[in-house]
1. Against the definition (touching a strand residue (DSSP E or B) at 6+ places or on another chain (Cβ under 8 Å), of a type outside the set (Lys, Arg) and either under 30 Å from Val122 (Cα atoms) or outside the structural domain of His115 (by TED's automatic domain parsing) (or both)), how does Gln63 come out, yes or no?
2. Only one of these is assigned by TED's automatic domain parsing to the domain that holds Leu107 and surrounded by 13 or more Cβ atoms within 10 Å (Cβ to Cβ): Arg159, Arg121. Name it.
3. Taking the range 109-148, which residues are β-branched (Val, Ile, Thr) and modelled with pLDDT of 95 or more?
4. Among the residues of the range 175-197, write down those that are loosely packed, with under 12 Cβ neighbours inside 10 Å and not polar (S, T, N, Q).
5. Out of Gly142, Gly172, which single residue is within 19 Å of Asn197 (Cα to Cα) and surrounded by 12 or more Cβ atoms within 10 Å (Cβ to Cβ)?
6. What number of residues in the range 145-156 are over 19 Å from Thr189 (Cα atoms) and surrounded by 15 or more Cβ atoms within 10 Å (Cβ to Cβ)?
7. Assuming Ala55 fulfils every condition listed in (1) loosely packed, with under 15 Cβ neighbours inside 10 Å; (2) within 17 Å of Asp8 (Cβ to Cβ); (3) small (Gly, Ala, Ser) apart from one, which condition is it?
Amino acid sequence: MPNLVGKDVGEATKALRSKGLVLRVADRVYSDVPLNQVVRQTPPPGMLMKVSQQAHVVLSLGQRELQIPPLEGNSLRVSRIELLRGGLQVGEVSSVSLPDFATDLVLQQNPKPGHGAATPRVDMLVSTGPKEPAYVMPYFLGLNELDVQHRLDQANLHRKINYVAAPQWPHGTVIDQSPLAGTRIGANTEVDLTIAN
């Protein structure tokens, strides 16, 4: 079996005929190899073949002229649909938190819009919107209810208060809390306080 890769289909056919073999086109694919040149072959070069056996080849369709749509400023969902419509693929999606941009907004794309991209994959940088403030839950046990409520008001945290009879504790003392001290909490976390009545 001669090496056919890189040969024009006409040359490959002649090379096989001279050895008593037959060329059969198994597939055609887009590649960097010029149009109608052999990209792959089966069996591989150097293999012993019987006369009149077939050699299967994959021919090049040449480079695909990819039309990359403009995605920047679209939502991630709309961008995915645009890519699928154009026969393209979603590549790597990275995200960054920026306060001035809406959630799921495409900020950058690679490759840029236009012709001549070498790959059908389009990578995108997407905004996750403003970053939600986070806090570390303080230790409130044993503190006075009014002091704790003042601290929660300063942080704009919502709270739920439960009063229970606990004669062993001074009146108005925090005796239980949830989330526990040291827990990372977001701005919309509700803090449960149990107060001695």
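1. Numbers: touching a strand residue (DSSP E or B) at 6+ places or on another chain (Cβ under 8 Å): no; of a type outside the set (Lys, Arg): yes; either under 30 Å from Val122 (Cα atoms) or outside the structural domain of His115 (by TED's automatic domain parsing) (or both): yes.
Spelling it out, it is not the case that Gln63 is touching a strand residue (DSSP E or B) at 6+ places or on another chain (Cβ under 8 Å), of a type outside the set (Lys, Arg) and either under 30 Å from Val122 (Cα atoms) or outside the structural domain of His115 (by TED's automatic domain parsing) (or both).
2. Working: Arg159 fails: assigned by TED's automatic domain parsing to the domain that holds Leu107.
Just a single option satisfies the conditions, and that option is Arg121.
3. Start the filter on the range 109-148 by keeping residues that are β-branched (Val, Ile, Thr), which leaves 119, 122, 126, 128, 136, 148.
If the condition is that a residue be β-branched (Val, Ile, Thr) and modelled with pLDDT of 95 or more, then Val126, Val148 are the ones that fit.
4. Start the filter on the range 175-197 by keeping residues that are loosely packed, with under 12 Cβ neighbours inside 10 Å, which leaves 180-182, 184, 186, 188, 190.
Within the range 175-197, Leu180, Ala181, Gly182, Arg184, Gly186, Glu190 qualify.
5. Values: Gly142 fails: surrounded by 12 or more Cβ atoms within 10 Å (Cβ to Cβ).
Just one listed residue meets the conditions, Gly172.
6. The number of residues fulfilling the criteria is 0.
7. (1)
Residue-by-condition table, conditions (1) under 30 Å from Ala15 (Cα atoms); (2) β-branched (Val, Ile, Thr); (3) surrounded by 14 or more Cβ atoms within 10 Å (Cβ to Cβ); (4) under 32 Å from the mean Cα position of the chain (by Cα):
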position	(1), (2), (3), (4)
Ile68	no, yes, yes, yes
Ser75	no, no, yes, yes
Leu83	no, no, yes, yes
Ser97	no, no, no, yes
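The values are calculated or read from the model by the stated rules, or taken from the named source; none is laboratory data. Remember, it's a predicted structure, so these values are computed and weren't measured experimentally. Cβ sites come from the backbone with ideal geometry, for glycine too, and all protein chains shown count toward neighbours.
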